[in-house]
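Let me begin by presenting the structure, written as structure tokens, before commenting on it.
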Amino acid sequence: MSTNERQSTKEAERKVNRTTNDKNPCPKYDRKSSVAAEFINHDEILQTLEFGKDKSKDKKFLNEILEKAREGKGLDHREAYTLLASDDEDINKEIFKLANELKLKNYGNRIVLFAPLYLSNYCINGCVYCPYHGQNKTITRKKLTQEEIKEEVIALQDMGHKRLALETGEDPVNNPIEYVLESIKTIYSIHHKNGDIRRVNVNIAATTVENYKKLKDAGIGTYILFQETYHKDNYEMLHPTGPKHDWAYHTEAMDRAMEAGIDDVGCGVLFGLNNYEYDFIGLLMHAEHLEARFGVGPHTISVPRIRPADDIDPDDFDNSIDDEIFSKIIALIRISAPYTGMIMSTREGQSMREKALKIGISQISGGSRTSVGGYVEEETEDENSAQFETEDKRTLDEVVNWLLENKYIPSFCTACYREGRTGDRFMTLVKAGQISNVCHPNALMTLQEYLNDYASEDTVKKGMALIEQEVENIKSEKVTELTKKYLEEIRNGNRDFRF
């Protein structure tokens, strides 16, 4: 992107952020509607901004919101934004304290680990914040063959990964749905030593109900799609060309996925593109919409921030947020959606991830490569196919070791997906407080597999000590005894026990 183009983009963003779309009045807000402009309603967001800023100094009202939040049933977007708008130190301390309590109550000290797998960076969209955009002539374009996918998967298995997130650009010629489906089949077919990929999540462009049904039949875990920004005018400016330009089609993608039977969906925005307050409200409204229309909200919410990449400079965007605001957003998402998994990738560094684990994050990536084919062979400076630069460059074993040092259980569990505990069935499990009898022992058993097959000597030592301690924290005596039995079976060479 040239200097003049960047300056034009920045000026366009300023204009968009000043407008309220007065020429096109919004339809009425309806969280149960299937129409994007009704469930992500511009006027409702503007009214929420006004309401929250007005009430953010009312400490009595703020404490009433916090009292409701302590019940652990969540907050609506207006309540959550009012807390976000407050600069009261006592209120902020209580927000972080409560986020930590709810995280431990619903997810315990488990941290699920995964890795992204980039299949192709061919793309026909013109997204100005992504190096895959079709006008970028400097990035190296790559598409993995099925044999190359097999090599990448074996490399990931040799690290110890069991859960992947597939990534690909939108290109109906190079990356048709048939290519994605064939790739999923290839991934699930690869059994290398003790390695298996047991869950494939998919992050591809918005598509049709018919294609979502094909993904469902292929056995995907979660369908993930980031909104980037919920502000319609800003969204269209940031996506000037290509099918992704259609804000409504993109925003309604989760509805089509759930209509197709995919009941685990993952939402997120790219913080730094648009005003963070607007997108924070929009993200929670999206979660509320899915809950209202389908009876279950998003399985996960991701919180990426924009990162440097080929042809992309985050300073070209006027909406960057510092770690303090970012942390408060994470904490308030946890409080507002207490039963939803929260994801943070290697976009963030160790210190930010360490803080985020305490206030809401329940899944992180480890040992990630954001280039096409990057697990088999790291790219040189002359060859770049990466979507963004990673901040946390540690190996998976280093991440596991770090989690163990901080008394977290690194989990490679995929049991709920394979046992049919998805959608409302998973949420029922969390709400009933049964994590300690299902997910907790499953996490310990997958950790034992990792220690046996992949871990360094120091990681083994720390992991064995944590397992011995944590197995006694399982509430059910029967489950405790079975877990001890299965752990011994794993140490003797058997694999894949689960509750």
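Coordinate-derived values only; no laboratory data. Keep in mind the model is a prediction, meaning the values are calculated, not measured. Here Cβ is always computed from backbone atoms with ideal geometry, including for glycine, and neighbour counts include all displayed protein chains.
Odds and ends about this structure:
- DSSP beta bridge pairing in the chain, given as percent antiparallel to the nearest 5: 10 percent
- Using θ = phi - 60° and Karplus 6.51 cos²θ - 1.76 cosθ + 1.60, couplings along region 386-393 (whole Hz; Gly, Pro as x): 6, 7, 7, 7, 8, 8, 9, 9
- Pairs of Cα atoms farther than 19 Å apart, region 85-196, %: 62 percent
- Spatial offset of region 100-145 relative to region 154-176 amounts to 10 Å, using the alpha carbon center of each.
- Rg over Rh, two decimals, region 422-491 (C-alpha only, Kirkwood Rh): 1.03
- Positive-pole candidate from Ile187, Tyr249, Ile262, dipole of region 173-293, charges at beta carbon: Ile187
- Which listed pairs, of Lys185/Lys244; Lys105/Lys407; Lys73/Lys407; Lys68/Lys431; Lys73/Lys358; Lys60/Lys105, have C-alpha distances above 24 Å, in listed order: Lys185/Lys244; Lys73/Lys407; Lys60/Lys105
- Helix-derived mean residue ellipticity, 222 nm - over the chain, DSSP H n ≥ 4, -39500 (n - 2.57), to 500: -14500 deg cm²/dmol
- 4 °C / 1.567 mPa s Stokes-Einstein diffusion coefficient of the chain, Kirkwood radius on C-alpha pairs, µm²/s: 56 µm²/s
- Whole-percent pair-distance distribution, where bins are 5 Å wide, for the alpha carbons of region 440-480: 5, 25, 31, 20, 12, 5, 1
- Taking 0.36 nm per residue of separation and subtracting the Cα-Cα distance, full extension of the segment from Glu89 to Glu457 would add 128.1 nm.
- If R0 is taken as 25 Å, the Cβ-Cβ distance between Gln47 and Lys216 corresponds to a FRET efficiency of 0.10.
- Each of Met159, Met445, Met344 has some number of other Cβ atoms within 10 Å of its Cβ, and from fewest to most they run Met159, Met344, Met445.
- Region 328-393: C-alpha pair distances exceeding 21 Å, %: 36 percent
- Ratio of Rg to Rh for region 86-142: 1.31 [Cα atoms; Kirkwood radius as inverse mean 1/r over pairs].
- Compactness of region 362-499 was expressed as the Cα radius of gyration divided by 2.2 N^0.38 Å, which yields 1.21.
- FRET efficiency, Glu398 to Ala248 (Cβ-Cβ, R0 45 Å, nearest 0.05): 0.55
- Under 15 Å from Lys461, Cα to Cα: aspartates and glutamates that are on another chain or at least 8 residues apart: Asp397, Glu398, Glu405, Glu449, Asp453, Glu470
- Calculated FRET efficiency for the pair Asn100/Thr428, C-beta based, R₀ 25 Å, to 0.05: 0.55
- As a proxy for reagent exposure, His245, His42, His192 were ordered by neighbouring Cβ count within 10 angstrom, fewest first; the result is His192, His245, His42.
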